[in-house]
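First up is the structure itself, then whatever we jot down about it.
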Amino acid sequence: MQYAEFPILSLIILSPVLGIALAGVFRDASDGVPAKVAALSSSLLTFLLSLYLWFNFDASSDGLQLVERVAWIPQFNIEFFLGLDGLNLFFLLIITFISPLALLGSWNLKKRNWQFQIQMLLLEIGMLGCFAAFDVVLFYVFFEVMLVPMYFLIGIWGGSNRLYATMKFVIYTMVGSLLMLVALLYTALLFKEINNGWSFNILDWYGMNIAPETQTWLFLGFAVAFGFEARMSRIKRRF
């Protein structure tokens with residue numbers, strides 16, 4: 001495990017906050033152009049920062065790289081734990097590459113323009129955090145952060161069926177998030193029983209010795225939870 005000399009992953013994840021702040025300051029000034037420029041510039045900055053990951057990633061190493069690890073809730077051994085491996089590197093680069101393109105594609109949007117920019121940048125933060133997190137609680141927090149702007153994007157800037165789509169989005173989101181939370185907490189309780197201590201570290205969970213029957217139920221819990229969340233992609237395509 002290689003620790004980062006400076007918190008580059010945190011910087012990448014939180015860099016869209018700059019665009020959010022500037023878009024909130026400019027709002028609808030000059031037909032919303034300054035807000036669009038601020039959001040796009042912030043997203044491009046995030047992409048440029050993410051290139052650091054590409055050029056500094058050591059493919060020959062099998063451990064986590066650029067790790068940031070700080071105690072968050074010590075009583076339960078919950079950490080602010082970010083890291084980079086070969087898989088999430090790919091997704092992080094894809095997110096930072098597509099986000100500016102999405103903002104460019106919505107350049108002619110007129111309805112609540114500055115609010116749209118803010119929601120898009122919040123969505124980028126949530127997605128980046130989900131793929132960089134190696135603490136389950138931190139992952140869940142970023143996942144829920146990601147869902148909030150999706151709700152507004154569908155409900156405000158959707159098509160003629162946006163209200164119907166928003167209701168379905170809320171239902172699927174609530175059910176999926178609840179199932180995921182239950183599965184995560186149950187896994188954490190199992191870890192506590194096996195190891196006599198709490199841990200929400202994904203790497204710690206890899207080595208758990210869980211009974212096959214329990215593994216099956218946990219798999220079903222996570223599969224159904226992510227299945228509900230995946231169902232949302234069909235909703236988004238329809239709005």
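The values are calculated or read from the model by the stated rules, or taken from the named source; none is laboratory data. Everything numeric in this text was worked out from a predicted model, so none of it was measured. Because the Cβ atoms are built from the backbone with ideal geometry, glycine has one as well, and the counts that use them run over all protein chains shown.
Annotation: of all residues in segment 89-118 being hydroxyl-bearing (Ser, Thr, Tyr) and in contact (Cβ under 8 Å) with a residue 24 or more places away in the chain, the one that is farthest from Ile20 (Cα to Cα) is Thr96. The condition (being under 22 Å from Cys130 (Cβ atoms), at pLDDT 85 or above and either of a type in the set (Phe, Trp, Tyr) or in the same structural domain as Asn108 (by TED's automatic domain parsing) (or both)) is satisfied by just one residue among Phe228, Phe191: Phe191. Taking (1) buried (at least 16 other Cβ atoms within 10 Å of the Cβ); (2) aromatic (Phe, Trp, Tyr); (3) over 30 Å from Asp204 (Cβ atoms) in turn, Phe55 satisfies each apart from (1). Selection of segment 162-209 for residues being of a type in the set (Gly, Ala, Ser) and crowded, with 17+ Cβ neighbours inside 10 Å yields Ala165, Gly176, Ser177, Ala183, Ala188, Ser199. Name the single residue, out of those in segment 1-22 being at pLDDT 95 or above and over 18 Å from the mean Cα position of the chain (by Cα), that is surrounded by the fewest Cβ atoms within 10 Å (Cβ to Cβ). Within segment 1-22, the match that is surrounded by the fewest Cβ atoms within 10 Å (Cβ to Cβ) is Ala21.
Quick grid of which residues meet (1) assigned to a loop (DSSP other than H, G, I, E, B); (2) more than 16 Å from Ile202 (Cα to Cα); (3) in the same structural domain as Leu128 (by TED's automatic domain parsing):
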site: Ser50; (1), (2), (3): no, yes, yes
site: Ser60; (1), (2), (3): yes, yes, yes
site: Val70; (1), (2), (3): no, no, yes
site: Gln75; (1), (2), (3): no, yes, yes
site: Phe80; (1), (2), (3): no, no, yes
site: Leu87; (1), (2), (3): no, no, yes
site: Ile94; (1), (2), (3): no, yes, yes
site: Ile98; (1), (2), (3): no, yes, yes
site: Ala102; (1), (2), (3): no, yes, yes
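Within 29 Å of Ser199 (Cα to Cα), at pLDDT 95 or above and more than 18 Å from the chain's Cα centre (by Cα), is that true of Val70? Judged against the criteria, Val70 is a match.
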